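Everything on this sheet refers to the single structure shown next.
The values are calculated or read from the model by the stated rules, or taken from the named source; none is laboratory data. Computed from a predicted structure; not experimentally measured. Please note: Cβ atoms are built from the backbone with ideal geometry, for glycine as well, and neighbour counts cover all protein chains shown.
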Amino acid sequence: MAHVPKVPISREESGLCPVEVRKILKVMRLICLLVMLLATATAALACGGDTDGPRVIELTTRDTAYSLDSITIKKDEQVTLRIKNEDAVEHDIQVDDLTVEKLSNAGSHDHSTKPGQLHFHVDAGPTGELTFRATTAGTYEYYCTVEGHRDLGMHGTLTIE
């Protein structure tokens, strides 16, 4: 029969004081918590993550500038572009030569010049959203069509991979 070592059950037998035991227990609890978090994250990635809705891209307009110089999305990815206009004047966003499938438009209005064009307008103060799917890969410029705003630097790069 194999020899089973005796597990120390008293302070004298273990050689550890109560403070050391508490520290060891804290570390063990932390390790358990980290293992559970890692398992949860792994399960979420294995299941494809959150697929309940479109990816949201936040874009703020302030001082006649966009908060993002570039945006990258995947071809055929469903995206909600949320523009918060913090200026006292209206702004919009337009991408020429890109056709998108528009899925919804909230808090803004669309005055596109051609069907499927990525364009929407947000009045001074509120937030507007446009949910769309880009069907063509490439690199495009987005800009504000309000007179003079593009020249003042209100533009950026949209990359569709």
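At-a-glance table
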quantity: All positions within the range 61-71 that are surrounded by 13 or more Cβ atoms within 10 Å (Cβ to Cβ) and either outside any loop (DSSP other than H, G, I, E, B) or not assigned by TED's automatic domain parsing to the domain that holds Gly125 (or both); calculated: Thr61, Tyr66, Ile71
quantity: Candidates Gly125, Gly138 - the one that is modelled with pLDDT under 90 and on the phi > 0 side of the Ramachandran plot; calculated: Gly125
quantity: Pairs with Cβ under 7 Å, 6+ apart, first in the range 125-153 and within 19 Å of Thr64 (Cα to Cα), second β-branched (Val, Ile, Thr) and assigned to a loop (DSSP other than H, G, I, E, B); calculated: His149/Thr64; Leu152/Thr64
